[in-house]
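In what follows, a single structure is set out as structure tokens and then discussed.
The values are calculated or read from the model by the stated rules, or taken from the named source; none is laboratory data. All figures in this text were calculated on a predicted structure; none of them were measured in a lab. Note that each Cβ is placed from the backbone with ideal geometry, even for glycine, and that neighbours are counted across all protein chains shown. Surface accessibility is based on the protein's heavy atoms, side chains included, excluding ligands, DNA and RNA. Shrake-Rupley method; radii C 1.70, N 1.55, O 1.52, S 1.80 Å.
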Amino acid sequence: MQAERITVLAPLALGASAILCTIVIHALVLIAVVHFVRREERLARAGAGFWSDVVIVGLVIFFALAAHLVEIAVWAVLFMGCGEFRDFPTAYYHSAVNYTTLGYGDLVMSVSWRLLGPLEAANGMVMFGVTTALIFGLIQRLLQARFPDLTD
């Protein structure tokens, strides 16, 4: 009975720390995006034209993707720290498969740490949801700046 509790509690505790790290990373990117968009609005580039808006949206998507790639790396380092993988590329691949909920299953973690997989998948889904909301909000804001008479 005690061994089962440790098998659940250790992955939950370490998974929670990785989730906290990804939240901080995503929050920093969100803050940077807000400052970037406000700057673009002050410089009258946001909503000024199609191509300027494409550049703004493209840069925001790039920063969000970079955040996801760093967050995948956080989980990969955790997997290596738990002794599940010896090299970073393999750990990163496994982490990416979990984070994106792809779930190939070609690399399987030990029974002791397998709960980290679903935790990372849930974390990835939430972070992708936050990114989707960010991009949607940005596009809505750019459309409001460009076509103020269309919004009420």
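Details
- Taking every alpha-carbon pair under 8 Å whose residues sit at least 6 apart, the chain reaches a relative contact order of 31 percent.
- Heavy atoms of Glu84 accessible to a 1.4 Å probe, total area in Å² rounded to 10: 40 Å²
- Percent carbon-and-sulfur accessible area, the chain, ignoring ligands, DNA and RNA, probe 1.4 Å: 71 percent
- In order through segment 21-27: 3J(HN,Hα) via Karplus (6.51 cos²θ - 1.76 cosθ + 1.60), integer Hz, x for Gly, Pro: 4, 5, 5, 5, 4, 5, 5
- With N counted as the residues of the chain, its alpha-carbon radius of gyration over 2.2 N^0.38 Å works out to 1.30.
- Heavy-atom accessible surface of Asp149, to the nearest 10 Å², is about 120 Å², with a 1.4 Å probe and all protein chains retained.
- What you get for segment 62-152, charging only the Cβ of Lys and Arg (+1) and of Asp and Glu (-1), is a dipole of about 60 debye around the Cα centre.
- With the charge dipole of the chain set up from +1 on Lys and Arg Cβ and -1 on Asp and Glu Cβ about the Cα centre, the Cα lying farthest toward the positive end among the listed residues Leu59, Ala18, Ala121 is that of Leu59.
- Adding -39500 (n - 2.57) for every DSSP H run of four residues or longer, then dividing by how many residues the chain holds, sets the calculated 222 nm ellipticity at -27500 deg cm²/dmol.
- Computed with a 1.4 Å probe over protein heavy atoms only, the accessible surface of segment 24-71 comes to 59 Å² per residue.
- Tensor-based shape of segment 73-152 (alpha-carbon gyration tensor, a/c under 1.5 rounded, otherwise prolate or oblate): prolate
- Taking Cα atoms only, the orientation of helix 50-81 departs from the longest principal axis of the chain by about 10 degrees.
- Where trypsin sites (Lys or Arg not before Pro) fall in DSSP loop in segment 70-152, at most 11 other Cβ within 10 Å: Arg86
- Environment charge at Ile31 (Cβ cut-off 14 Å; Lys +1, Arg +1, Asp -1, Glu -1): +2
- Nearest-20 debye value, the chain charge dipole, Cβ charges on Lys, Arg, Asp, Glu: 300 debye
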